[in-house]
Amino acid sequence: MNTQNKKQAFDALCADVLAMAATRGPLCQPRKLRKTLKTMRGVADDVDYREALVLINCMGRMSPVRTRKHLVRLRDDLTALGDAARFERLARLIRDYLHPVSLTQHGYNATFGQMDGDHIYRSMGKALAPLQALNRPFYIYAGALLGHVRDGALIAHDDDLDCAIMLGECAPDAVAPLWRQIKVQLAELDLLTEASRTSGEAVFKMKTDLGVVVDLFPSWTYQGRLSVYPYALEEIDPAHVLPLRSFGHDPLMNPADPEAFLAHCYGPDWRIPDPYFSLNWKQKYKMFHRLLSVPYALDPRDGDPRD
């Protein structure tokens, strides 16, 4: 097939995909269609190609993490081209097609916009209550805190909860071993999801009775500065976090100055919602290399509550 014929085939494929998306029709053999699309990349405009790829992946519920990255890049490219309206049309098309689930950082999932916020807070409090046995303060963090402070509610497009555990005053080389010890203790209390028990990630995941996952992050102080993974390493004034204050849903707690804390984590525009916010994880992995140097995956018998 020559270049002209390939371009015509690409245009026809894009038109078919857009038509099916607009009518919320099912996409047959999405993996085969994606494979066909990839053979046409050389003849297609990059924006057109990426738009078609994102739509095919969403319609086929495929590759959510990579698809979200493509979507963020597409937003940036279209904004740079002065065509943000095209991105908004695409985002609306995807939202309508996927409803009642959404494309999130973790997959194609139901989001808090379809759930009762008070029920979620109560479920989170119930899940976190056993952490009090560790005698380590904990506070709501990241998206859970951002939604509460900015909107007075959970972020509608979010699908998980975030909590930071204070490890206390801790030298840099002592943080990772202590954090792994915390994971063993969480396993002994039977609080971790099965996937988290064997995961090597430094973020631990807890079960809730609503099926919503609570992500646990380490936070600590050292020589007058506070760190919290993955947003800040020895950069935050501890007075922005400590002493913790009531959240209004026991035993959940807020940082002492949540506005200052959020400004540090998210920058000066933290009050502006961004459904496609993402971190530069390559930079964060380099920054927190000491924390990430420990193998966090537990042996099947580590922390087994049946032992």
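Of all residue pairs spaced 6 or more apart or on separate chains, those with beta-carbon atoms under 9 Å, a first member in the stretch 34-48 that is farther than 16 Å from ASN2 by Cβ and free of Cβ contacts under 8 Å to residues at least 40 places away in the same chain and a second member that is in a helix (DSSP H, G or I) and among the β-branched types (Val, Ile, Thr) are ARG34/ILE56; LEU37/VAL17; LEU37/ILE56.
Looking across the stretch 1-32, the residues that are touching a residue at least 24 places away in the same chain (Cβ under 8 Å), under 22 Å from HIS99 (Cβ atoms) and assigned to a helix (DSSP H, G or I) come down to VAL17, LEU18, MET20, ALA21, ALA22, PRO30.
A quick yes/no check of all residues on (1) touching a residue at least 60 places away in the same chain (Cβ under 8 Å); (2) touching an Asp or Glu at 6+ places or on another chain (Cβ under 6 Å); (3) open to solvent by 60 Å² or more (accessible area, probe 1.4 Å); (4) among the aliphatic types (A, V, I, L, M):
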{"residue": "PRO243", "(1), (2), (3), (4)": "no, no, yes, no"}
{"residue": "PHE247", "(1), (2), (3), (4)": "yes, no, no, no"}
{"residue": "LYS284", "(1), (2), (3), (4)": "no, no, no, no"}
{"residue": "VAL294", "(1), (2), (3), (4)": "yes, no, no, yes"}
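Against the list (1) outside any loop (DSSP other than H, G, I, E, B); (2) exposed (fewer than 11 other Cβ atoms within 10 Å of the Cβ), the condition GLY82 fails is (1).
Scanning the stretch 211-235 for residues that are more than 18 Å from the chain's Cα centre (by Cα) and farther than 21 Å from LYS282 by Cα yields TRP220, THR221, TYR222, GLN223, GLY224, ARG225, LEU226. Restricting attention to the stretch 187-203, the residues that are more than 17 Å from TYR285 (Cβ to Cβ) and either in contact (Cβ under 8 Å) with a residue 24 or more places away in the chain or not hydroxyl-bearing (Ser, Thr, Tyr) (or both) total 10.
Of the residues making up the stretch 191-228, those that are assigned to a loop (DSSP other than H, G, I, E, B), within 15 Å of ARG290 (Cα to Cα) and out of contact with any Pro (no Cβ under 8 Å at 6 or more places or on another chain) are GLU201, VAL203. Please determine, by comparing only the residues of the stretch 208-235 that are within 17 Å of ALA263 (Cβ to Cβ) and open to solvent by 60 Å² or more (accessible area, probe 1.4 Å), which one is modelled with the highest pLDDT. Checking each candidate, the answer is ARG225.
Considering only residues in the stretch 140-188 that are small (Gly, Ala, Ser) and buried (at least 18 other Cβ atoms within 10 Å of the Cβ), the one that is nearest to ILE272 (Cα to Cα) turns out to be GLY147.
The values are calculated or read from the model by the stated rules, or taken from the named source; none is laboratory data. Note that this is a predicted model, so its numbers are computed, not measured. A quick note on method: Cβ atoms are made from the backbone with ideal geometry, for glycine too, and the neighbour counts reach across all protein chains shown. Remember, those area values only see protein heavy atoms, side chains included, never the ligands or the DNA or RNA. Shrake-Rupley method; radii C 1.70, N 1.55, O 1.52, S 1.80 Å.
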